[in-house]
1. GLY80 versus (1) more than 13 Å from the ligand (Cβ to nearest atom); (2) over 15 Å from the mean Cα position of the chain (by Cα); (3) touching a residue at least 40 places away in the same chain (Cβ under 8 Å): which is the lone unmet condition?
2. Condition first: buried (at least 18 other Cβ atoms within 10 Å of the Cβ) and under 13 Å from ALA27 (Cα atoms). Can you find one or more residues in the range 99-115 that meet it?
3. State yes or no: is VAL199 more than 28 Å from LEU154 (Cβ to Cβ), more than 17 Å from the chain's Cα centre (by Cα) and surrounded by 15 or more Cβ atoms within 10 Å (Cβ to Cβ)?
4. What pairs come up if the first residue lies in the range 85-112 and is under 22 Å from GLU181 (Cβ atoms) and part of a loop (DSSP other than H, G, I, E, B), the second is modelled with pLDDT of 95 or more and of a type in the set (A, V, I, L, M, F, W, C), and their beta carbons are under 7 Å apart, counting only those six or more places apart or on different chains?
5. Going by the structure shown, is LEU231 over 22 Å from the mean Cα position of the chain (by Cα) and of a type in the set (A, V, I, L, M)?
6. Between ALA20, ALA63, ALA26, which is over 30 Å from TYR225 (Cα atoms), touching a Pro at 6+ places or on another chain (Cβ under 9 Å) and either outside any strand (DSSP E or B) or of a type outside the set (S, T, N, Q) (or both)?
7. Could you tell me whether GLU207 is within 15 Å of the ligand (Cβ to nearest atom), surrounded by fewer than 20 Cβ atoms within 10 Å (Cβ to Cβ) and assigned to a helix (DSSP H, G or I)?
8. Mind listing whichever residues of the range 41-73 are among the polar types (S, T, N, Q) and either at positive phi or near the ligand (Cβ under 9 Å from one of its atoms) (or both)?
Amino acid sequence: MAERRTELETIHQGPFAAGAATASAAANIAFIKYWGARDLGAAVPNNPSISMTLDRCRSRCRAIYRPQTSRDEILLVQGGTLQTAPASFAGRIVSHLDTLRALTGASGGFRIETLNTFPHAAGLASSASGFAALTLAVAGSLGLTLDQKTASLLARRSGSGSAARSTLGGYVEWPRGESEEESYAFLLLPATDWPLCDVIALVETGEKEVSSLEGHRRAPLSPHYRRRLELLPERLEAVRRALRTCDLRALGEVIEEEAIELHLIAMSSRPPIFYWRPATLAVLQAVRELRAAGVAAYATMDAGANVHVICEPHNEPAVSERLTAVPEVGGVLRDRVGPDPVVAREAVP
Ligand code: DP6
């Protein structure tokens, strides 16, 4: 037990001087979904998941460490100006700052300035990129360089489990882990090995009605959940194989099946959760029509109504054009697989 703790104990290096850093981390789209947890607070999952880290949908977070104060200040960049974050948003950030303080031994306060380049809480995993960027910026402001494993583990402990995968670029697996300390993400395939695109059909850009947290809590209440866990090992292996061989058809068929199953579980939870909107089905239909016309494109959805359509770069213009033409679609975001997060330390402000 003592040995397991050693890894994290090495980052307990306080006291720390004043410092600042900015980190930029991208959202990710899950090919195999994290749905259901054995520890919801620390996001220890019931099943392994696999995702593709994006490039353009990202969060940028600046952390300034102030050893002389214990007060945190949480700000959001909105419309180009810095604004005090709403209490619900700030609360989750401060709670993660407390976790990071406890682990690093830092006792001061942080000023956090955070910016998302895409709609907040619209099933686009803004918490994943947000908490990955926050974790890396805070460590940077303390002068700490986290190894990849620790970065993922700490991001996961924010409670936004998918943040564990946003600490890496490319195609990423986050295993279930035998113990809490073994549940951190690792690289399956670098972004440069297979430049897939993600065309996101925006169907809804507001706050979703039921949080992922609540979805995880209700998931085991679906009568289909146990069966899902039985089916997953084979599906995970199919995704790993498709990534190794860059086989879009094999990947696409599995990720569509997986996405439908996530929503089947949500809709059959108690009480049920309906993330889809009629427009979600209209987009799924458009994707099937694209395929019938010879365009290899496959859909997946996280816990929201928006549809992510995965395709190769030569088909991206046709996919974007077709999805834009769906009357119920409010717009498309054209994204692709992206690189690792970036952290830059600044001179002390
Ligand atoms: C359906 O608990 O990581 O997207 O905190 O809202 O980012 P947020 O969600 P989290 O659950 C993610 C659920 C999912 C599937 C996935 O990303 O694996």
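1. Every listed condition holds for GLY80 apart from (3).
2. Scanning the range 99-115, I find at least one residue that is buried (at least 18 other Cβ atoms within 10 Å of the Cβ) and under 13 Å from ALA27 (Cα atoms), so the answer is yes.
3. no
4. Within 7 Å, the pairs are ALA106/LEU142.
5. Spelling it out, LEU231 is indeed over 22 Å from the mean Cα position of the chain (by Cα) and of a type in the set (A, V, I, L, M).
6. Just one listed residue meets the conditions, ALA20.
7. Answer is no for this residue.
8. Residues satisfying the conditions are SER49, SER51.
The values are calculated or read from the model by the stated rules, or taken from the named source; none is laboratory data. Predicted model, so just to flag it, every value in this text is computed and none were measured. All Cβ positions, glycine included, derive from the backbone under ideal geometry; neighbour counts span all protein chains shown.
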